[in-house]
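What follows is a short report on a single structure.
The values are calculated or read from the model by the stated rules, or taken from the named source; none is laboratory data. Here the structure is a predicted model, which means the values were calculated and not measured. Positions of Cβ are backbone-derived with ideal geometry, glycine not excepted, and every protein chain shown enters the neighbour counts. Heads up: the accessible areas ignore ligands, DNA and RNA and are worked out on the full protein's heavy atoms, side chains in. Shrake-Rupley method; radii C 1.70, N 1.55, O 1.52, S 1.80 Å.
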Amino acid sequence: MNRTTYHVEKMDCSAEEQLVRMALGGVEGVRHLAFDLPNRRLVVAHVGEAAPVTSALTRLGLGAQLKGETEPVGAANLEGQASNDRSERGPLAIALAINAAFFVAEFAAGLVSGSMGLVADSLDNLADALVYALSLLAVGGTMLRKKRLARGSGYLQLGLAVFGLFEVVRRFFFAGGTPDVATMIVVSALTMAGNVATLLVLRRARTGEAHVEASWIFTSNDIKVNGLVILSALVVWATGSPLPDLVAGALVFVIVAGGARRILALAR
């Protein structure tokens, strides 16, 4: 059994980790994956040649580069790592529940307050929840099932992002109402607290390993989005213009569309 190392340029958070796991889940001979997200490093333990693994990673479009093969891996070590992977199911399920709950709450608050920033931020939570759901549902399934799940998730995210961008344009030209600033700030702050809670839950999965650092990166990205919405709310309050909220919403919708593109690339 061989161990092949890759540098994956665009793999910097847990979302990309889950996409890589699904992409390699159906590759024959793959036995274990070890992630070092802060350094964008992936080590694949596999039987046989590395070419099928390299091909699957290349199709994913995350900028994977083969760095070379290292020493063989013992079966006992792989079994221990596989046990650690299974222990992550519970924390992932909790993270899924947190993101799904905040999607519903923030989406409703965005509609009531008239804030596109909140609506877009809620879809960012939905995108995270879908990635966690794909990871959980695909366990033990066939490659065809994984691709169908990924394709459905990707089209849903892409559709919501496109709808959101059209809504931003419509509001810019035809609806000039100013969103409720207090609601934007309070709901975004609560969502930020939910992201921190997600981080704390995921930290229990594999304490001391690279996955912990990955969780910090993943959550910090979500917190930046929350901060963007809060900042836009303050600018709306200072200027009396709805434009900062629309700009923040458009930026987040673009982020969601980018995530959808990666998932659809995996489904292909």
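Computed quantities for the displayed model
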{"quantity": "Selected residue [modelled with pLDDT of 75 or more, more than 17 Å from the chain's Cα centre (by Cα) and open to solvent by 10 Å² or more (accessible area, probe 1.4 Å)] from Thr207, Thr178", "calculated": "Thr178"}
{"quantity": "Odd one out for Val131 among (1) closer than 29 Å to Asp36 by Cβ; (2) at pLDDT 85 or above", "calculated": "(2)"}
{"quantity": "Residue list for the range 1-43, filter: under 30 Å from Asn195 (Cα atoms), open to solvent by 40 Å² or more (accessible area, probe 1.4 Å) and not in a strand (DSSP E or B)", "calculated": "Glu9, Lys10, Asp12, Arg21, Gly25, Pro38, Asn39, Arg40"}
{"quantity": "Any pair with Cβ under 9 angstrom, 6 or more apart, that starts in the range 163-185 at a residue that is touching a residue at least 60 places away in the same chain (Cβ under 8 Å) and farther than 19 Å from Asn226 by Cβ and ends at one that is aliphatic (A, V, I, L, M) and open to solvent by 60 Å² or more (accessible area, probe 1.4 Å)", "calculated": "Leu165/Val254; Phe172/Leu243"}
{"quantity": "Any chance Val247 is at pLDDT 90 or above, under 26 Å from Ser153 (Cα atoms) and surrounded by fewer than 22 Cβ atoms within 10 Å (Cβ to Cβ)", "calculated": "yes"}
